[in-house]
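A short worksheet on the structure shown next.
The values are calculated or read from the model by the stated rules, or taken from the named source; none is laboratory data. On a predicted model such as this, the values are computed, not experimentally measured, just so you know. Every residue, glycine among them, receives a Cβ derived from its backbone with ideal geometry; neighbour counts consider all protein chains shown.
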Ligand code: BG6
């Protein structure tokens, strides 16, 4: 690799998709409207940073969200104004199957996503749909034990079939599970596995992981039959890992951390469990229930790999040197060479280039960056009589990461597109706050629930519009 710090930013390919990404539970609100059932998110008022509640409680910002359920047309028009060519959103499973185990879907819920797709088509924006983004129907969590139960594979498959049949002719890009590799780290949010009564044995967590992987592969097989034009992707949380020191033991610690993350992508792209994972199971004395049919199902590999990228971590085998920092769901050892966001997530644009190369070298599948961005506190100010946010810190973060995407493309990595996380301010996943803002569009709502919900364009709004218009040509070193 060359040091390209003084050379021009490489060009993005023609047809590169530019846009933003959201998740239903973080934007829609209307948690009990249109026949929607409850999802795990409706009882997570503090995200993964606090305990679940027994029932939905008023302090849970997600119940109203940013009211996208009622304002989607206005929001999509703003995305179109920035020139989005792709928009990633998720379908709330409990809008389509309120409990998750019904035989027939809720027509009102399906009609809502028809309207979203109508709006996107009107503006010429390509949809990218996540089938399940951290919102398992609550009944499946409470009555079946979440993804620990094999029955969820069938419920998910039924749900996926309904989506492919209904929207298959309108949606090309699909993702099966958001950040499927977060299951062991956030069992309730990611797998509907309630941990409020105490720790869940790893045997059960690994079994749940297996069920999700089989469900993902079955959805892929189903799409080939029902929606042959569909491109199916897996979605993983990426987190490059650096050795804290050059010692071989630290390199081994990196390998172990990488294996823990990469096994999901390995199964999705190669169709079977890798040897290092089988070794972990053996050493931990875990025996999974894997049927012959499961093994056959897993052979339905994905068309592309998508991932989120926010930060990198370090690893060390030396307990004396271990200083753990904050991080996106998984966290890790703090890297002394990197700055961090206000929430302690270490900022590392080069890590994005590294992870793009790692995934491409390893899997040889087209890649899609479906989440990246900076969560920061914003201050609304008046400029020329208009309310806005001067978010130069966000512009710098995104610019520097996109330069590294361009470098990876130049390295020969096939990248389909980039969707910035939370193009409009949304409710956070890990802390369930609104004050942790990612958007190009400011939403007037506060952590205490007050606010008009009005939308305002930030400085980064025009900046991103120009990046898209110039296909990356306006990025700077
Ligand atoms: C990803 C999730 O882990 O990170 C999103 O897929 C989430 O749902 C995003 O919002 C950013 O995390 P947070 O906690 O800042 O919202």
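Can you find a residue in region 192-215 that is in contact with a strand residue (DSSP E or B) (Cβ under 7 Å, 6 or more places away or on another chain) and either under 27 Å from residue 46 (Cα atoms) or away from the ligand (no atom under 16 Å from the Cβ) (or both)? Give the derivation first.
Going residue by residue through region 192-215, those that are in contact with a strand residue (DSSP E or B) (Cβ under 7 Å, 6 or more places away or on another chain) are 212.
Okay, now just the ones that are also either under 27 Å from residue 46 (Cα atoms) or away from the ligand (no atom under 16 Å from the Cβ) (or both), so 212.
Yes, region 192-215 contains a residue that is in contact with a strand residue (DSSP E or B) (Cβ under 7 Å, 6 or more places away or on another chain) and either under 27 Å from residue 46 (Cα atoms) or away from the ligand (no atom under 16 Å from the Cβ) (or both).
Is it the case, given these coordinates, that residue 372 is closer than 26 Å to residue 90 by Cα and either within 15 Å of the ligand (Cβ to nearest atom) or surrounded by fewer than 21 Cβ atoms within 10 Å (Cβ to Cβ) (or both)? Before you say what the answer is, go through the steps one by one.
Values: closer than 26 Å to residue 90 by Cα: yes; either within 15 Å of the ligand (Cβ to nearest atom) or surrounded by fewer than 21 Cβ atoms within 10 Å (Cβ to Cβ) (or both): yes.
Criteria met by residue 372.
When region 380-394 is examined, which residues are found to be within 16 Å of the ligand (Cβ to nearest atom) and touching a helix residue (DSSP H, G or I) at 6+ places or on another chain (Cβ under 9 Å)?
Step one: list which residues in region 380-394 are within 16 Å of the ligand (Cβ to nearest atom), which gives 391, 393-394.
Correct list: 391, 394.
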Notebook entry, point to check: Restricting attention to region 395-410, does a residue exist that is more than 16 Å from the ligand (Cβ to nearest atom), in a strand (DSSP E or B) and in contact (Cβ under 8 Å) with a residue 60 or more places away in the chain?
Noted result: no
Next item on the list: Give region 411-451 a look and list any residue that's free of Cβ contacts under 8 Å to residues at least 24 places away in the same chain, closer than 19 Å to residue 44 by Cβ and either crowded, with 22+ Cβ neighbours inside 10 Å or within 15 Å of the ligand (Cβ to nearest atom) (or both), or say none.
Entry: none
Next item on the list: Spot the failing condition for residue 183; the list is (1) under 21 Å from the mean Cα position of the chain (by Cα); (2) away from the ligand (no atom under 14 Å from the Cβ), and only one is missed.
Entry: (2)
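Only one of these is out of contact with any helix residue (DSSP H, G or I) (no Cβ under 9 Å at 6 or more places or on another chain) and within 16 Å of the ligand (Cβ to nearest atom): 50, 65, 19. Name it. Give the steps one after another, and end with the answer.
Numbers: 65 fails: out of contact with any helix residue (DSSP H, G or I) (no Cβ under 9 Å at 6 or more places or on another chain); 19 fails: out of contact with any helix residue (DSSP H, G or I) (no Cβ under 9 Å at 6 or more places or on another chain).
On inspection, the qualifying residue turns out to be 50.
When you scan region 315-330, how many residues do you find that are away from the ligand (no atom under 12 Å from the Cβ) and within 22 Å of the chain's Cα centre (by Cα)? Outline the logic, then answer.
Step one: filter region 315-330 for residues away from the ligand (no atom under 12 Å from the Cβ), giving 315-325.
Next, from what is left, pick out any that are within 22 Å of the chain's Cα centre (by Cα): 325.
Count: 1.
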Note to self: For the structure I just gave you, tell me whether residue 111 is under 20 Å from the mean Cα position of the chain (by Cα) and either part of a helix (DSSP H, G or I) or at pLDDT below 95 (or both).
What the structure shows: no
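For region 376-394, enumerate the residues that are outside any loop (DSSP other than H, G, I, E, B) and free of Cβ contacts under 8 Å to residues at least 60 places away in the same chain.
Filtering region 376-394 down to residues outside any loop (DSSP other than H, G, I, E, B) leaves 376, 381-383, 386-388, 392-394.
Within region 376-394, 381, 382, 383, 393 meet the criteria.
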Margin query: I need a count of the residues in region 281-309 that are more than 13 Å from residue 221 (Cα to Cα) and in contact with a strand residue (DSSP E or B) (Cβ under 8 Å, 6 or more places away or on another chain).
Written below: 6
Check: If we scan region 240-253, do we find a residue that is in contact (Cβ under 8 Å) with a residue 40 or more places away in the chain, surrounded by 22 or more Cβ atoms within 10 Å (Cβ to Cβ) and closer than 12 Å to residue 180 by Cα?
Finding: no
Margin query: Would you confirm, using the coordinates I've provided, whether residue 355 is away from the ligand (no atom under 13 Å from the Cβ) and modelled with pLDDT of 95 or more?
Written below: yes
Checklist line | Filtered residue count, region 333-352, keeping only those that are within 14 Å of the ligand (Cβ to nearest atom) and in contact with a helix residue (DSSP H, G or I) (Cβ under 7 Å, 6 or more places away or on another chain) | finding: 1
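Before we move on, is residue 128 within 16 Å of the ligand (Cβ to nearest atom) and either crowded, with 19+ Cβ neighbours inside 10 Å or free of Cβ contacts under 8 Å to residues at least 60 places away in the same chain (or both)? So that I can check it myself, show each step before the final result.
Values: within 16 Å of the ligand (Cβ to nearest atom): yes; either crowded, with 19+ Cβ neighbours inside 10 Å or free of Cβ contacts under 8 Å to residues at least 60 places away in the same chain (or both): yes.
So residue 128 passes the test.
For the structure I just gave you, tell me whether residue 465 is assigned to a helix (DSSP H, G or I), at pLDDT 95 or above and touching a strand residue (DSSP E or B) at 6+ places or on another chain (Cβ under 7 Å). Full working, then the answer.
Working: assigned to a helix (DSSP H, G or I): yes; at pLDDT 95 or above: yes; touching a strand residue (DSSP E or B) at 6+ places or on another chain (Cβ under 7 Å): no.
No.
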Note to self: For region 158-172, give me each residue that is touching a helix residue (DSSP H, G or I) at 6+ places or on another chain (Cβ under 7 Å) and assigned to a helix (DSSP H, G or I).
What the structure shows: 159, 160, 161, 162, 164, 165, 166, 167
Checklist line | Hey, residue 377 surrounded by fewer than 17 Cβ atoms within 10 Å (Cβ to Cβ) and within 13 Å of the ligand (Cβ to nearest atom) or not | finding: yes
Checklist line | Number of positions in region 301-339 that are without any contact (Cβ under 8 Å) to a residue 24 or more places away in the chain and surrounded by fewer than 18 Cβ atoms within 10 Å (Cβ to Cβ) | finding: 11
Notebook entry, point to check: Mind checking which residues of region 38-75 are in contact with a strand residue (DSSP E or B) (Cβ under 6 Å, 6 or more places away or on another chain) and closer than 16 Å to residue 189 by Cα?
Noted result: 39
